[in-house]
Amino acid sequence: MDIERCLEAMAPTASLVGLCLGLTVNRKWLALPIGIQAFLLVHALQGWAPPIPILRRLGVRTAAEIRPRAQCAEGAARRLRRPVAAAPRQSRALAAAER
């Protein structure tokens, strides 16, 4: 999961929690979703949000950091799926064993 998807999952979750707490416990909790949405707006406009440094320290990577590794894994998987031609000696031995 990259940073963008992590932010997209965390923001609505925390907003809903703040909204539920604001409606059931104390109206002061309604400041939480407002603050979260403000930070999400800053992220949309500037590309930075307060949770990003924390997520980076936790090891969450950006999509640009994940892409080369995913391409490498796809290439390795393709090479593993490609049939390997047997050597002539092995082919004769296999043919003899099948008879």
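The values are calculated or read from the model by the stated rules, or taken from the named source; none is laboratory data. Just so we're clear, the structure is a prediction, and the values are computed from it rather than from any experiment. Here the Cβ positions follow ideal geometry from the backbone for every residue, glycine too, while neighbour counts run over all protein chains shown.
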Checklist entry - Which of the residues spanning the range 20-66 are free of Cβ contacts under 8 Å to residues at least 12 places away in the same chain, among the β-branched types (Val, Ile, Thr) and within 12 Å of Ile3 (Cα to Cα)? => result Ile54
Checklist entry - Do any helices (runs of 4 or more DSSP H) entirely within the chain hold 2 or more residues that are modelled with pLDDT under 90 and of a type in the set (S, T, N, Q), and if so, which? => result 88-98
